[in-house]
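What follows is a single structure, written as structure tokens, with notes after it.
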Amino acid sequence: MKHPIFTGSATAIVTPFQDGGINYSVLGDLLDFQLENGADAIVVCGTTGEASTMTYQERTGTIEFCVRHVGGRVPVIAGSGSNSTENTITLSRDAERCGADGLLLVTPYYNKASQTGLIRHFHTAASAVSIPVILYNVPSRTGVSIAPETYAVLAEHPNITGVKEASGNLGNVQRTRALCPEDFTIWSGNDDDTVPICALGGKGVISVVSNILPAEMHRMAQLCLQNDFAAAGKLQVHLKEFCDAMFCDVNPIPVKTALSLLGWKVGDLRLPLCPPSEKQLECIRTVLSKYGLAV
């Protein structure tokens, strides 16, 4: 019987940059803020962490720092996916050596692998490590989606424990739940899908919004886990405008901009990401003010 790496709300933490490197001092402060406000796990070097623009040494160094700083208080899950299976294996093994509690493996982007190719890719990568693997399905960014029938095959692998579902396709989530064993965990990969996915048997969310509202996202996930979907639904609706604002431009542009507006020295975005437009900046300012956050 497999057990979830975490239940509740995991924060896909941003990566603070400074002078062409990682600002570990600010990263430590961000991690402390998350731990003090109920984050149930930390996901490092994911999409929100701008891992695709980090060097290999930066990625392993950031994973190692997060593991050391968190010190076992919550699980640390490292993004180690790539469009190359060999690169995925190398980074996954190094993340395991750095002490990561689990791995987040995105579908290979650009290659547009077949479902058979996805099965072989994930099987090969998961077999190269001994820690739990969470699949990551985000077709809007990768150009390929994992089919429910493919999940059913992948769920048989002893190291593959579940999926971060960011497709927005609730029909496929239902079919996945029907086809896969109960110990194959589904987490929402979209903040505004948290309650619907949990109502379909999901165990929480890997969240962008929790970079700013960790307590609220933790609370919403816990209400779901307690089967209080009436209260969870009200909170989901309350947070909808905030969630939308954090995706008024491509992630992590809005959330990193919001953190900067709130005084966090998270540094610049790395090209090809760039600052938001004036219209988007005003949207972010407005929603921070509406939700009672100082700007």
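Some points to look at:
- Rounded to the nearest 20 debye, the dipole magnitude of the chain is 260 debye, with +1 charges on Lys and Arg beta carbons, -1 on Asp and Glu beta carbons, and the Cα centre as origin.
- Per-residue Karplus couplings for region 150-166, computed as 6.51 cos²θ - 1.76 cosθ + 1.60 with θ equal to phi - 60°, are listed in order as 6, 4, 4, 6, 5, 5, 6, 6, x, 8, 8, 9, x, 9, 8, 9, 10 Hz, Gly and Pro entered as x.
- With contacts taken as Cα pairs under 8 Å and at least 6 residues apart, region 147-243 reaches a relative contact order of 22 percent.
- Note on region 58-168: dipole from Cβ charges, positive end direction compared against Tyr109, Gly61, Thr88; the farthest Cα belongs to Gly61.
- Entry note: region 136-278 has Rg to Rh equal to 1.00, where both radii use alpha-carbon atoms and Rh is the Kirkwood radius.
- Calculated semi-axes √(5λ) of the Cα gyration tensor in Å (choose from [x] 32, 25, 21; [y] 56, 24, 17; [z] 27, 23, 18), label: [z]
- Listed residue (Val43, Ala152, Ala199) projecting farthest to the positive dipole end of the chain, Cβ model: Ala152
- Between the listed residues Gly143, Val26, Val266, the Cα displaced farthest toward the positive end of the dipole of the chain, a dipole computed from Cβ unit charges relative to the Cα centre, is found at Gly143.
- Centroid-to-centroid, using Cα positions, region 207-281 and region 7-46 are 14 Å apart.
- For Pro158, net neighbour charge (Lys/Arg +1, Asp/Glu -1) across residues whose Cβ lies under 12 Å away: -1
- For Ile186, nonlocal amide neighbours, meaning residues 5 or more places apart or on other chains whose placed amide H falls under 5 Å from its own, are Val163, Lys203.
- Cα-centred dipole magnitude for region 150-295, charges only on beta-carbon of K, R (+1) and D, E (-1), debye, nearest 20: 220 debye
- Spacing of the two label points (7 Å from each Cα toward its C-beta) at Ala178 and Arg68, in nm: 5.0 nm
- At an R0 of 45 angstrom, the distance between the Cβ atoms of Met1 and Asp268 translates into a FRET efficiency of 0.50.
- Computed over the chain: relative contact order in percent, which uses C-alpha pairs under 8 Å that are six or more apart: 19 percent
- Highest-first arrangement of 273-279, 12-18, 29-35, where packing means the average Cβ count within 10 Å: 12-18, 29-35, 273-279
- Virtual spin-label span in nm between Ser140 and Ala294, 7 Å along Cα→Cβ: 3.3 nm
- Dipole magnitude for region 108-211: computed about the Cα centre from +1 point charges on Lys and Arg Cβ and -1 point charges on Asp and Glu Cβ, it is near 260 debye.
Only the coordinates and a few stated rules stand behind these numbers; no lab work does. Everything numeric here is computed off the predicted structure, so don't read it as measured data. For neighbour counting, all protein chains shown are included, and Cβ atoms are generated from backbone atoms with ideal geometry for every residue, glycine included.
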